[in-house]
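The values are calculated or read from the model by the stated rules, or taken from the named source; none is laboratory data. What you are looking at is a predicted structure, and each value in this text was computed from that prediction instead of being measured. Cβ atoms come from the backbone with ideal geometry, glycine included; neighbour counts cover every protein chain shown. Accessible surface areas use protein heavy atoms only, side chains included; no ligands, DNA or RNA. Shrake-Rupley method; radii C 1.70, N 1.55, O 1.52, S 1.80 Å.
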Amino acid sequence: MSVKIRLQRHGKKGKPFYWIVAADARSKRDGRFLEKLGTYNPNTNPATIDLNLDQAVQWLHNGAQPTDTARAILSYKGALMKHHLDGGVRKGALTQEQADAKLAKWLEEKAGKVTAKKEGLSKAQEAEKAKALKAEKAANEKRAAAAVEAAKAEEVAEEVAVEETVAEETQEVVAEVAVEETAAEEAPAAEETSEETEA
């Protein structure tokens, strides 16, 4: 029986969540497994990986073959590095203390890289928020300026309307006065013509 270290898919549609398992190569992807070694969540940034390092290394010592994605995860978490160092200890190339020191140093460097990535992502998010806030402030200022201009335009329109109504009223008054004057002029003329006809 050949053993594979592979991913078993869980989670809902569009939001995958994986178990890292040691399983018989003949079993289905989401079928029976021999042991659960950890979890992998690709939905977060950076991806969340929880791995039992000692059990994964033990399966590697026993000859389990990881799939490509599982190999990348094991390499990321240091399982392949520990397997390699344990091989050196078995051959007598280095002592267990030296192997443990090298592994601790490697894991520390990897943790530093991960924290640097997290900090970079948080800084990028803060910069994006600041940019969005600045754009929103600019839009608000533009909107306020447009409102002030609209209010000024309304005032000017009201003044023009008042002036037009005043002008119309004065024209009406002038027209009425002109009509009254013409009526007053016509009345004496009519009297004169009536006097002439009587005479």
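In the range 9-24, the qualifying residues are those that are touching a residue at least 24 places away in the same chain (Cβ under 8 Å) and within 22 Å of His61 (Cβ to Cβ), and the one that is surrounded by the fewest Cβ atoms within 10 Å (Cβ to Cβ) is Ala22. For the condition surrounded by fewer than 18 Cβ atoms within 10 Å (Cβ to Cβ), within 29 Å of Gly120 (Cα to Cα) and hydrophobic (A, V, I, L, M, F, W, C), what is the one hit in Ala47, Ala79? Criteria check complete, one pass: Ala47. Gln125 falls short on exactly one of the conditions (1) open to solvent by 60 Å² or more (accessible area, probe 1.4 Å); (2) without any contact (Cβ under 8 Å) to a residue 40 or more places away in the chain; (3) within 23 Å of Gly11 (Cβ to Cβ), and that condition is (3).
Of all the listed residues (Gly31, Gly88), the sole one being in a helix (DSSP H, G or I), at pLDDT below 90 and either on the phi > 0 side of the Ramachandran plot or open to solvent by less than 30 Å² (accessible area, probe 1.4 Å) (or both) is Gly88.
The listed residues are Thr67, Thr44, and the only one of them that is at negative phi and modelled with pLDDT under 90 turns out to be Thr44.
Scanning the range 50-76 for residues that are closer than 20 Å to Pro16 by Cα, assigned to a helix (DSSP H, G or I) and open to solvent by less than 70 Å² (accessible area, probe 1.4 Å) returns Ala70, Ala72, Ile73, Leu74.
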